[in-house]
Structure formats: structure tokens, C-alpha cells
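J.: After the C-alpha cells below, expect a handful of questions from me.
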Amino acid sequence: MKAETRGIIRLKCSVKNYDWGKIGKESSVARLYGKNSGVETHDDKPYAEFWVGTHDSGPSYAVAVGYKENWILRNGNGALKKENDDNHYNLVRLKDWIEQNPRVLGDKVWEKWGSNLPFLFKVLSVAKALSIQAHPDRDLAAVLHEQHPDVYKDGNHKPEMALALTEFGALCGFISLEELKDVVQNVPEIVEVVGGAHTARVLHIDEEDREVEAKEVLQSIFTELMSASKVTISQVISKMITRLNAKREVRDLTDKEKLVLVLEKQYPADVGVIAAFLFNYVKLNPGEALYIAANEPHAYIYGECVECMATSDNVVRAGLTPKYRDVQTLCSMLTFIQVMIKHNA
């Protein structure tokens, strides 16, 4: 099928109904998907992500005038159903349409990527926190995909950038050494889990070997924490919540402490609740953006954004999730670079 390649080609895109998405018409994703697809959205259903791209996990479809067979989107995840109703659009998978019209991408893109778009574009509507996660680099992605193709869907890396549409909160990257010293002195529950020897090292890092030693001790603390038993984590989180509620009576809680209380309500007894103390907590205003490289930990907390990334659906999770957790892979893949987030106007 050769289609006209001049002008604008209309797309029908996919939607994801993950449970962390905003509900019904409160979700920009729901409103966008409803207008894009013509499908009625549900007021009691979460609408989390709107996908534009060629990835098999959520492909887009070109509205192809003159296509011989008539198909409609049966649901937001890309399933097609053949119809004889002339009122329905003629759809062809975008990847297949590009295959038939390679010039639309230009020679250089076609030579490197073929009919796959080199990027995946999304809109996100976040009602509650996403998992603590990282995306693998190309080398690790290839290994993970070969070993566990049911979990890691492709062999590509996934650097990404999020541009805030509303106020947008996220955990991103590890806190600086100075902040880590404050945590081990003021969050006794972390010390209880990982042990005093690890936390004592934080307070006595040699200035000459500061960067290397700080990475080593941070990796030790994070790995011990994420590998602790569910019973241990449940007990220390209970203590922490009691302590913070008592503190709230005598002083204002920090933004991170307030966040931890929110996360505990969303994911009770989850190790990600206490691990949040180890990450930078950033708040973006509309129009501000956050770049996340491969092998860097992050978790979106609330708000709406547009997101652009390499074409991949690979996610290594370890906290704030009911889904599969790959703690060993996450703890071994992270860079453990410690930074204080820079704000660039």
C-alpha cells in the first residue's frame, strides 16, 4: 500500500490504563485519547499514558485513505478489529505505513532505524507515585532482553526527558554527600536497617578519596536497604511514620518528610517509602524539564507532563510498585553518582 506522503498524516494512538494514572476526565491523557480516538472514556478508569510511536507495546496507527481493508482500534493498547462499517477509519500500523513510505523519515533515519521511529513520545497524567526505577543502557538492555524477553521487551536503551505541563514532582538521582550525612544522622530507621558500620563510614569519608568512597558507601547502603526483608521494612516504616507524626506536632516537616507520609499511604510497608530519603526530590513548574540518563534512579510522583525517549519499554523496578521487582539488577546497574540538582532557567 502506497499512501500519499505530502501534508499531515493523522494518527490514532495508544493509551495505558496503569493504576497510578489520573481518573476519568481529571486526566489529560483521557481527554486527549478521547478526542484522538473517538472512543468514549470512563469516569471511573485511570488514564496514565498516551503513546505516539512505533513500539510494539503501544503502536500508533496511520489513518490511511484508500487502504483496502477497513479496521478500527478495538482498545487503547493497539488491538485491531475488522469492521464493515463505512463510518470507521481505515487504519494501518504506523510502522507498516513507514515501511511503505520510507522517504517520510529521510535517508539517514531510514538507513539507521528502518521503519521504527527513533523516539517514543508520551503524555503522562500521574495521580500517585510511579515505581522507583531505572532504564538500562544499550549493552545491559541487550542482555536483559535476551535473558528475560517477557519482562524486558526490547534491546534498546531509554534515556528520556519530561517536560512539565502542570506542577510536576519527581524523585531523581541520589542526594549529595552532605545531604546523605544529614540523612544518616536524622533518619534512624535507615541506620537500623543497614547497620551502624555503613552509616559511620558516611560521616568519616576521607577527603582525598571522597568521590570514590562516597559512591561505594552509598551503593552499600542502598543495596542493604533494598534487599532487606519485608518484615524488617514493615517494622521500620511503622516506627518512622509514628516518629514523623509526633514531629509534626512540634515543627513543620520538610518536603521530603511530607512526601514520605504520602508515599506510605499509597504503598504501605514498601521499601520505596524509606528509600525516598536517598533521592533528590524535585518540583518542576509548567514548561520546565527534567532529563534522565540511562542507569539513573527516578520516580515520578504527581502531575502531568509530556515525555520523549528512545524507542524502548524497558524498566528495571525495585520499589513503590506491585509489579515485578529486580532489586539485584537495579542495584548493580546504577551509577551512584551523587548530585545536587541544578536548576537551569
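J.: Being of a type in the set (V, I, T) and either assigned by TED's automatic domain parsing to the domain that holds Y18 or within 22 Å of L140 (Cβ to Cβ) (or both) is the filter here; which residues of the stretch 278-304 pass it?
T.: Within the stretch 278-304, I292 is the sole residue that qualifies.
J.: So how many residues does the stretch 262-303 have that are assigned to a loop (DSSP other than H, G, I, E, B) and either at pLDDT below 95 or surrounded by fewer than 19 Cβ atoms within 10 Å (Cβ to Cβ) (or both)?
T.: Here is the first cut: in the stretch 262-303, the ones assigned to a loop (DSSP other than H, G, I, E, B) are 267-270, 285-288, 293-297.
After this cut, where a residue has to be either at pLDDT below 95 or surrounded by fewer than 19 Cβ atoms within 10 Å (Cβ to Cβ) (or both) as well, the list is 268-269, 285-288, 293.
Matching residues across the stretch 262-303 total 7.
J.: Kindly indicate whether any position in the stretch 194-204 is in contact with a helix residue (DSSP H, G or I) (Cβ under 7 Å, 6 or more places away or on another chain) and within 30 Å of L120 (Cα to Cα).
T.: no
J.: Return only the number of the condition from (1) modelled with pLDDT under 95; (2) under 25 Å from the mean Cα position of the chain (by Cα) that G196 does not satisfy.
T.: So the condition that G196 fails would be (2).
J.: While we're on this one: Would a scan of the stretch 301-322 turn up a residue that is closer than 30 Å to D56 by Cβ and basic (K, R)?
T.: As a first pass, look at the stretch 301-322 and keep what is closer than 30 Å to D56 by Cβ: 301-322.
Still in the running and basic (K, R): 317.
The answer is yes, given that some residue of the stretch 301-322 is closer than 30 Å to D56 by Cβ and basic (K, R).
J.: Continuing with the same structure: Please work out if Q219 is under 27 Å from the mean Cα position of the chain (by Cα), in a helix (DSSP H, G or I) and surrounded by fewer than 18 Cβ atoms within 10 Å (Cβ to Cβ).
T.: Yes: the conditions hold for Q219.
J.: In the stretch 88-116, what residues are in a loop (DSSP other than H, G, I, E, B), surrounded by fewer than 19 Cβ atoms within 10 Å (Cβ to Cβ) and in contact (Cβ under 8 Å) with a residue 60 or more places away in the chain?
T.: Once the filter is applied, which keeps residues that are in a loop (DSSP other than H, G, I, E, B), surrounded by fewer than 19 Cβ atoms within 10 Å (Cβ to Cβ) and in contact (Cβ under 8 Å) with a residue 60 or more places away in the chain, the stretch 88-116 yields N101, S115.
J.: Residue pairs, Cβ under 6 Å, 6 or more apart or interchain, first in the stretch 14-37 and in contact (Cβ under 8 Å) with a residue 12 or more places away in the chain and farther than 23 Å from D313 by Cα, second among the acidic types (D, E) and surrounded by fewer than 17 Cβ atoms within 10 Å (Cβ to Cβ). List them.
T.: The qualifying pairs are G24/D43.
J.: Can you find even one residue in the stretch 244-256 that is of a type in the set (V, I, T), over 17 Å from the mean Cα position of the chain (by Cα), at pLDDT 95 or above and over 30 Å from P149 (Cβ atoms)?
T.: If we filter the stretch 244-256 for residues that are of a type in the set (V, I, T), which is where we start, we get 250, 254.
After this cut, where a residue has to be over 17 Å from the mean Cα position of the chain (by Cα) as well, the list is 250, 254.
Pick out the ones that are also at pLDDT 95 or above and you get 250, 254.
When the remaining residues are screened for being over 30 Å from P149 (Cβ atoms), the result is 250, 254.
Yes, that holds for at least one residue.
J.: Right, here's the next one. From the list V193, V202, which residue is over 17 Å from F336 (Cα atoms) and either of a type in the set (S, T, N, Q) or crowded, with 18+ Cβ neighbours inside 10 Å (or both)? Let's see the steps before the verdict.
T.: Details: V202 fails: over 17 Å from F336 (Cα atoms).
Within the list V193, V202, the selection yields V193.
J.: Something else about it: When L259 is evaluated against the numbered criteria (1) in contact (Cβ under 8 Å) with a residue 40 or more places away in the chain; (2) under 20 Å from G195 (Cβ atoms), which criterion, by number, is the only one it fails?
T.: Result: L259 fails condition (2) only.
J.: How many residues are surrounded by 14 or more Cβ atoms within 10 Å (Cβ to Cβ) and in a helix (DSSP H, G or I) if we restrict to the stretch 222-231?
T.: Counting residues in the stretch 222-231 that are surrounded by 14 or more Cβ atoms within 10 Å (Cβ to Cβ) and in a helix (DSSP H, G or I) gives 6.
The values are calculated or read from the model by the stated rules, or taken from the named source; none is laboratory data. Note that this is a predicted model, so its numbers are computed, not measured. Virtual Cβ from ideal backbone geometry, glycine too; neighbours counted across all protein chains shown.
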